[in-house]
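Scroll down for the structure; my scribbles are underneath it.
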Amino acid sequence: MELTLLAGSANRPLAQMIAGALRLDLGRLTINRFPDGELHIEIGESVRGHDVYLIQPTSPPVGEHLLELLLLADACRRAGAAHVSAVVPYLGYARQDRRTTGREPVSARVVADLLQTAGINRVLAVDLHVASLEGFFHIPLEHLTAVPLLAEAARPNVGDNGVVVSPDLGAVKLAESYAARLGLPVAIVHKTRLSGQEVRAERIVGDVRGRRPFVIDDMVSTGGTIEASVNALLAAGCIPEVTVATTHGLLVGTAAQRLSALPIRRLITTDSVQRSAELSFAIEVVSLGPLVGEAIDRLHTGRSVGDLIARQ
Ligand code: R5P
């Protein structure tokens, strides 16, 4: 079966990195809009009988990128593709995996249903907000992690005197995973979310005084969580030289200004989403291209992805 890579408009540079890792060209595709704003998609080559991978993180603008992915999948299915995989390194709506007040949708479940209805046979994601999202899918979900890549990139900045900081209770397992790789202790910030932009850090569990903090999270969106955590760490007497690592550096709204005002020495992230924000501190981007490229190669040739994860 022939392998075809098609990239939506959400992150062409990452798609090029993945294609480069596989030594393939991206398939031909045109995406334009009718005057009323409707999307129009046309695949420029045959995909009949092919094993197709659609590279499209559903990053902001989430609705636009999600719809593009759904239309791409439908086009592939109707054009006779044998198998369609969605490569969605960052999956939008993943945070809305349950109801918190009672009159809300479970949006992550709706997104999972839409992907499957559009004809997607498999999803490949990286560091999902919660691993249990897999349960929303009937189709296979391959879940990769960028933690080994980010931990190695952070190692020279963090040193022996570091402490891995989970900025909320939800990221504790992630923090433990970084800490195990780096041989460092873990501290946990107790966070309360006040709104989409505002969070409050109430207390810190663990010893941070005189230590260099390494704050990790699956995503940094408005920067509110990191801001509150860093301020709490400073108040608790940490060394004011902070390293931050996050798989998905969305940096929306005023995130850049917020983070620039903090003693952050380096922000390490991946290219799972494209950013435009300018930051006043060093940002290091580790590409997911080789990892995702190898995962696609293994899936296409029927080899284990679990072995790839175990080898990392
Ligand atoms: C929440 O549980 C997530 O892991 C992140 O901590 C959060 O989504 C980051 O958002 P923001 O940067 O807007 O605080």
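The values are calculated or read from the model by the stated rules, or taken from the named source; none is laboratory data. The structure presented is a predicted model; accordingly, all values stated were derived computationally and were not measured. Positions of Cβ are generated from backbone atoms using ideal geometry, with glycine treated the same way; all protein chains shown enter the neighbour counts.
Details
- Entirely in segment 215-312, the strands (runs of 3 or more DSSP E) that have 2 or more residues that are hydroxyl-bearing (S, T, Y) and touching a strand residue (DSSP E or B) at 6+ places or on another chain (Cβ under 9 Å): 242-249, 264-270
- In the set (1) over 19 Å from Y53 (Cα atoms); (2) polar (S, T, N, Q); (3) out of contact with any strand residue (DSSP E or B) (no Cβ under 9 Å at 6 or more places or on another chain), N161 fails one condition alone, (3).
- The set of residues in segment 93-149 being more than 18 Å from the chain's Cα centre (by Cα) and of a type in the set (D, E) consists of E104, D113.
- Across segment 264-281, the qualifying residues are those that are at pLDDT 95 or above and under 22 Å from L66 (Cβ atoms), and the one among them that is surrounded by the fewest Cβ atoms within 10 Å (Cβ to Cβ) is D271.
- Selection within segment 137-187 - in a helix (DSSP H, G or I), among the charged types (D, E, K, R) and crowded, with 19+ Cβ neighbours inside 10 Å: none
- Test result for L149, within 16 Å of the ligand (Cβ to nearest atom) and at pLDDT 95 or above: no
- Pairs linking a residue in segment 120-140 that is farther than 14 Å from V84 by Cα and among the β-branched types (V, I, T) to a residue that is away from the ligand (no atom under 16 Å from the Cβ) and not in a loop (DSSP other than H, G, I, E, B), with Cβ atoms under 6 Å and 6 or more positions apart or on different chains, are V126/L144.
- Any hit, segment 179-189, residues being within 12 Å of the ligand (Cβ to nearest atom), closer than 22 Å to A151 by Cα and in contact (Cβ under 8 Å) with a residue 12 or more places away in the chain: yes
- Taken as a whole, the structure leaves L128 outside the set of residues that are assigned to a helix (DSSP H, G or I), under 30 Å from P213 (Cα atoms) and either among the hydroxyl-bearing types (S, T, Y) or within 16 Å of the ligand (Cβ to nearest atom) (or both).
- Residue in segment 198-211 that is over 24 Å from S287 (Cβ atoms), among the basic types (K, R), more than 15 Å from the ligand (Cβ to nearest atom) and modelled with pLDDT of 95 or more present: yes
- The lone exception for L24 - which of (1) closer than 16 Å to E68 by Cα; (2) touching a strand residue (DSSP E or B) at 6+ places or on another chain (Cβ under 7 Å) it fails: (1)
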